[in-house]
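**Q** If you scroll down you'll find the structure; I have some questions about it.
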Amino acid sequence: MVKPRAAMLLLSLVLMRSGAELADFLLIESRQTFPESEQLCQAQGYDGLAVLSTPETYGLALHLTEYHRTVHRKSTYVGLRYQIPRDIGVWDDGTVPTADTPYKHGHANKASTVDPYGLMNHNGEIKWTSGNSNKMALCGNHQRQTAEARGSNMYGQQPANVTWSLSLTTMSTYLECALLCGQDHRCRVAAFNSDLLTCQTLSAGSYTNFTQNSAFQTTVHGRSTYVGLRYQISRDIGVWDDGTVPTADTPYKHGHENKASTVDPYGLLNHEGEIKWACGKNRKKKWLSVEIPSCVEYRCEFAGDLR
């Protein structure tokens with residue numbers, strides 16, 4: 001039985017956009033164990049602790065906990081736990097964490113009967129813990145299906161070296177293709193072929209970069225991604241991997257048109273759909289937070305270490 005705490009402060013945020021509810025989270029600032037946290041969430045009418053299986057929900061969790069994480073270095077319990085029969089960690093809505101889940105280094109496969117519960121630490125990383133320590137709790141409802149897609153649009157680019165697809169279906173419009181990706185927590189890329197009217201959705205790690213193809217319009221969902229563009233020392237310019245030179249209307253980030261060098265020799269598509277030059281040493285497979293529909297903007301890029 002969880003005893004009420006007079007000092008407990010509840011903060012909730014419901015995101016609404018075009019009549020579709022995107023997420024319903026509530027932060028409990030009091031500190032209690034994992035089981036107590038789950039009971040408190042259910043007592044407030046929530047399904048349990050929050051599921052952060054997509055870049056959007058993870059970004060919202062970062063935003064709600066930002067002050068407590070960055071100022072007071074507090075951690076927060078989330079709805080992730082070890083499933084003994086399958087020997088894996090599973091979100092409380094039944095989904096399995098994706099390959100680009102922002103785990104603390106070494107924690108991706110650390111779930112066990114000793115540390116069976118998920119925690120967002122003060123750096124915003126997901127880690128496994130015993131659940132015995134007193135931490136904050138982030139509550140959530142698990143049956144809210146995302147009804148909009150967010151990401152960076154790439155015109156005339158298609159995924160390259162694809163090893164497998166989440167889906168390959170006939171679809172009449174690019175917007176339908178992007179929305180299909182937004183409804184699957186595993187999806188990171190939606191590639192629409194306007195000639196064939198097909199939509200291909202891809203997960204993290206199922207492709208290597210992007211190549212030019214005028215028939216394609218591609219959405220990169222909620223993160224920064226390396227593309228097939230690199231510095232060619234002999235010509236002192238950037239060149240696409242198929243040998244073509246970027247055109248004058250290539251959507252470079254301001255100031256990056258002529259910034260290719262031996263220091264920053266690789267092309268990167270950032271979260272705003274701009275091409276920029278980067279060193280290529282960071283693992284660009286972590287999530288970016290997204291814009292909240294309430295007009296509050298926040299972005300926190302993960303590239304190896306939290307920045």
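Every number here is computed from the coordinates shown, using simple stated rules; none is lab data. This structure is a prediction, so every number in the text was calculated from the model and none was measured. Cβ sites come from the backbone with ideal geometry, for glycine too, and all protein chains shown count toward neighbours.
**Q** Between S130 and Q212, how many nm apart are label points set 7 Å from Cα along the C-beta direction?
**A** Each label point is offset 7 Å from its Cα along the Cβ direction, giving 5.9 nm.
**Q** Fewest Cβ neighbours within 10 Å first, please rank S214, S165 accordingly.
**A** Numbers: S214 11, S165 17.
Fewest-to-most ranking of S214, S165: S214, S165.
**Q** With a 10 Å radius around each residue's Cβ, average the other Cβ atoms per peptide and rank 102-109, 174-181, highest first. List each step's numbers first, then the result.
**A** Working: 102-109: 14.9, 174-181: 20.4.
Ranking the peptides 102-109, 174-181 by packing returns 174-181, 102-109.
**Q** Now, a different point. Grab the alpha carbons of region 68-136, take their convex hull, and tell me the volume per residue in Å³. Intermediate values should be presented prior to the final figure.
**A** Values: hull volume 5.9 nm³, N = 69.
For region 68-136, the hull spanned by Cα atoms encloses 85 Å³ per residue.
**Q** If you don't mind, there's one more thing I want to ask. Does region 10-140 classify as rounded, prolate or oblate by the C-alpha gyration tensor (a ≥ b ≥ c root eigenvalues; a/c under 1.5 gives rounded; else a/b over b/c gives prolate, otherwise oblate)? The partial results should precede the final answer.
**A** On the way: a/c = 1.40, a/b = 1.25, b/c = 1.12.
Rounded shape, in that the Cα axes give a/c under 1.5.
**Q** Would you calculate the separation in nanometres between label points at Y67 and A99, each defined as 7 Å from the Cα along the Cα-to-beta-carbon direction?
**A** Simple spin-label model gives 3.9 nm for this pair.
**Q** Something else about it: At 7 Å along Cα-to-Cβ for each site, give me the label-to-label distance between L197 and Y155 in nm.
**A** In this crude label model, L197 to Y155 measures out at 2.2 nm.
**Q** Along the principal axes of its C-alpha atoms, what lengths does region 93-198 span, in descending order and rounded to whole Å?
**A** Principal-axis extents of the Cα atoms in region 93-198, largest first: 56, 31, 23 Å.
**Q** Mark the label point 7 Å from the Cα of H122 along Cα→Cβ and return the residues of region 62-100 whose backbone N is within less than 16 Å of it.
**A** Hits in region 62-100 for H122 at 16 Å: 65-77.
**Q** When the chain is fully extended, how far beyond the present Cα-Cα distance does T169 get from D87, taking 0.36 nm per residue of separation?
**A** Details: separation 82, 0.36 × 82 = 29.52 nm, distance 3.27 nm.
Result: 26.2 nm gained on full extension.
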